[in-house]
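Any read-out appearing in this document is the output of simple, stated calculations on the displayed coordinates, not a laboratory observation. Fair warning: this is a prediction, and the values are worked out from it, not measured in the lab. Cβ atoms come from the backbone with ideal geometry, glycine included; neighbour counts cover every protein chain shown.
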Amino acid sequence: MGANVKENVYEILEALPPEVKVVAAAKGQSTLNVVRSVKAGIEIIGENYIKDAKRVYSQIQGRAQLHFIGIPDQAKHDLLRKINLNMFDMIETINSVDIAREINKKCEQIDMVMPVLIEINSGEEEQKSGVLPNDLIDVIKKIAEFNNLEIMGLMTMGSTPHQSMQAKEDRERARKCFQKTKELFDEIKKMQLSNVKMEYLSMGMSNSYKIALKEGANMVRIGSKIYGTRN
Ligand SMILES: *Cc1c(COP(=O)(O)O)cnc(C)c1O
């Protein structure tokens, strides 16, 4: 599969408008494949797990950015104690005031301001991480008070399943989630809250990014379409 990484990246970058940021979702990939994707033009690597992020960071440092796209509550111990949070250029998956408070405190200790996205549970699925649409404004106002976090936008996974978007109803369900998230994005942008920049709207994966782009995404997180199926 590795040999195709370069072609896959070329193909994706060529087809996307230049203002759209591509986050290569690298979970389960070898460092070699991650480096291949960076050499082919990927500027942001997204990692779900801290041990993968650490392994990859030393190889891409200075050549590509690193975004955390995993569930912060699960990675909390490592995020807050075992690593230098500095290695991340953005945390895309802030899903509660509590986790924001803890990350803010850590950032204060190491004297950095972390760009973050707020993750929205746009499908309102119980098993999914993210802030519920109805709670968002309240949550954003609270997180905006943390001086060592800078809210840069919103992120969503959309609806399950992600694997097969063949069925029309799956695609339409995904589209509704993206539309909902874009509405919230615009609404919050209009409020012009201090310490809140609605610059990035991260939504869409390998099988849904084309829909997401139509619905206003300017950041897409693509894994299998770059690296092939996960190891
Ligand atoms: C794995 C993952 C992706 C990419 O998924 P693909 O279907 O492989 O493109 C995007 N975002 C997050 C948060 C992920 O965990």
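Taking the Cα centre of the range 2-227 as origin and assigning +1 to Lys and Arg Cβ atoms and -1 to Asp and Glu Cβ atoms, the resulting dipole is close to 540 debye. For E187 and R81, a Förster radius of 30 Å and the Cβ-Cβ distance give a FRET efficiency of 0.25, rounded to the nearest 0.05.
Counting every other Cβ atom within 10 Å of each residue's Cβ, S224, S159, S58 order from fewest to most as S58, S224, S159. For the range 1-150, the direction-averaged projected area of the alpha-carbon convex hull comes to 9.8 nm².
Modelled label positions at E145 and K51, each set 7 Å beyond Cα in the direction of Cβ, lie 3.8 nm from each other.
Working note: 222 nm ellipticity from helices only, DSSP H runs with n ≥ 4, each -39,500 (n - 2.57), summed and divided by the residues of the chain, gives -12000 deg cm²/dmol to the nearest 500.
Counting neighbouring beta carbons within 10 Å and listing from fewest to most, the residues H67, H77 come out as H77, H67. With R₀ fixed at 35 Å, the C-beta to C-beta distance from V113 to R63 puts the FRET efficiency at about 0.95. Ignoring lysines fewer than eight residues from K190 along the same chain, the ones with Cα atoms less than 28 angstrom from its Cα are K21, K128, K141, K142, K176, K180, K182, K210, K214. Taking 0.36 nm per residue of separation and subtracting the Cα-Cα distance, full extension of the segment from Q127 to E14 would add 37.1 nm.
For T93, the amide hydrogen comes within under 5 Å of the amide hydrogens of L117, counting only partners 5 or more places away or on other chains and with H modelled in the peptide plane.
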